Structure formats: structure tokens, C-alpha cells
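The values are calculated or read from the model by the stated rules, or taken from the named source; none is laboratory data. These figures come from a predicted structure and were not determined experimentally. Counting neighbours? That spans all protein chains shown, and the Cβs are built from the backbone with ideal geometry, glycine included. Heads up: the accessible areas ignore ligands, DNA and RNA and are worked out on the full protein's heavy atoms, side chains in. Shrake-Rupley method; radii C 1.70, N 1.55, O 1.52, S 1.80 Å.
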Amino acid sequence: MVPSLAASAALFVALAQGALAASFLISNQQFKVTAERTEGIGLIQYSAVDRRYDGKLVPVTVTGMEQSKTTGLCQSVVARNIPLIGTFTVKATAEQVTSRDTYTDSVRSDSGTVTLKNTNNGIAAGASTKGPGIKKGDKTDPARAAQEAETIVVTDSKQIVLATSARITRISGSSVRLYKGVHECF
């Protein structure tokens, strides 16, 4: 399994109306996220199904971390064909984001380097003890195979994300910009 970014929750919630965690109806949009480096403590990763606002079911990989720190974060979401406005991009960047009890639901995840410490692959998601556990409300089978680790370090990450959530998030050096046209993070 390819680990997800940890800390994109607060930025996207501030950007996209209706993009809630998997235990809620998610928006019909995807957003792109890149990060230079993510460090996490207490990892769980498992598959689940999110329900979009339009009713469509979407399979996702859920990554949960008890604590995370991300540096060099970029997030973008494109709003297409808005009457009288056209297409525009909302792009947010942050120098550093720290979070607790973070969950990210992604449909694609690519990384430069991934380093895991004390990892178990194939553990039942409901039996995981190293991460925050299955997120309340997620549509998954607790007997489904999962991955867990005490720590994780990910460099040069690129993701397509549907939803994020975090119990606590702190953002340093943030910027949010609107661009006419398509100006995604990748």
C-alpha cells in the first residue's frame, strides 16, 4: 500500500464547500495534494467506500495517523464551467502543517521515498493497534486487510484526494489564491 499525506484537512475544508470526511457525503470534486515531506506517528491504512453527494460510491484508500507533520504542502481544486466566470483554480500552500487524528481518503498516491518503522501488512483493520483505528462512520469491513506502522516518513508525495479530516490542525506560512483557468499542484 502506498501511504497518503497526513495533514491536508484544514486547508481543504477552508477551500471546498461540502467536502467532508468519509463518514459524511463527500463533494463531487477531487483535489490534488503535493508535499515535500510528511512524518507520522501511529499509522493505519485500509480500503473503504465513500459516498459522493450525487450518490455515486467511490472506493478509496484511507490513511489515518495519530500525529503528523507535513512540510511544503500544496493543494488545488478546480471549479470548471462556472456560468459567467468559466474555470478557475483554488490553490493553497503551507510551509508546515501539524495534525492529530488525521484521516485522508485518496484515489491515487505516488511517493518518492517511504520509510516505515515496525510495520504490519495484512493485519485486520479492526485489530490494528498502532494507528488511530478505523474512522468512525467509515464504510469498511473490520476484517479487511490493512497496514499499520509505528512511524512513517514520506517524501515527494503526490495524491488525488476526495476527503480529509483531523481532530486538531495547525498551519504555518499559509497562502490561498484563486487563479483563472487550471493551475493545479501537479
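For the range 59-111, the tally of residues that are among the basic types (K, R) and free of Cβ contacts under 8 Å to residues at least 40 places away in the same chain stands at 1.
Of all residues in the range 71-85, those satisfying the criterion of being surrounded by fewer than 14 Cβ atoms within 10 Å (Cβ to Cβ) and in contact with a Ser or Thr (Cβ under 7 Å, 6 or more places away or on another chain) are R80, N81.
Just give me the residues in the range 123-148 being farther than 14 Å from V49 by Cα and open to solvent by 60 Å² or more (accessible area, probe 1.4 Å), in sequence order. Within the range 123-148, T129, A143 qualify. Only one of the listed residues (T104, T87) is part of a strand (DSSP E or B) and within 20 Å of R37 (Cα to Cα). That residue is T104. Residues that are open to solvent by less than 40 Å² (accessible area, probe 1.4 Å) and touching a residue at least 40 places away in the same chain (Cβ under 8 Å) do not occur anywhere in the range 112-122. The numbered conditions (1) under 12 Å from T61 (Cα atoms); (2) not in a strand (DSSP E or B) are all true for G137 except (1).
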